[in-house]
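*Asks:* Take this structure, written in structure tokens, and hold onto it; I'll ask about it next.
The values are calculated or read from the model by the stated rules, or taken from the named source; none is laboratory data. Computed from a predicted model, the values in this text were never measured in an experiment. Protein only, heavy atoms only, side chains kept; ligands, DNA and RNA dropped before computing areas. Shrake-Rupley method; radii C 1.70, N 1.55, O 1.52, S 1.80 Å.
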Amino acid sequence: MTREPDGSEDHDCVSASEFQARLRQGRFALNWQAHGLHYGIPLEVDEAVRRGGCVLLNASRTIVAGARARYRKVAVVLIDAPAELRADRLAKRRREHGPDRLARLARAAPGFRPTDADLIIENAGALTAAAGAFVDWLMAGEPGAPTLGSGD
């Protein structure tokens, strides 16, 4: 991604020009833009899936259709919270300010509806409650192992 590391997430950070070079080289399985930044899922994910692995990633709702087209099995978990709580959390992260924060809160995901998710977690309480709901769902075996679609 092109966002500078701030210690809050484990991610690779590259310049916008390096990201574009990697995109032209076909080094991303999936990619998207949001909030003036570029994000990509490395192509190596495909090999992990081919080997029978289950890949978990944090991504934009805008790539759900592309992921479902690329892989035979995709489980989508929508983690959401009330708008007021999201606004408070964004303010505490101090990444965006003023209009940028409002734009982030108002951002829609064209083509995605909450009903497209296989699981919706309301993350309005303790993080342990949301994490527990997710782990319980995984342990129940609901999502299955993702596999590459016909394009593999």
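*Asks:* Out of residues 5 or more away from residue 123 or on other chains, whose amide H comes under 5 Å of its own, with H placed 1.01 Å from N in the peptide plane?
*Replies:* 80, 81
*Asks:* Could you provide, to the nearest whole Å², the per residue accessible area of segment 24-86 with probe 1.4 Å?
*Replies:* 61 Å²
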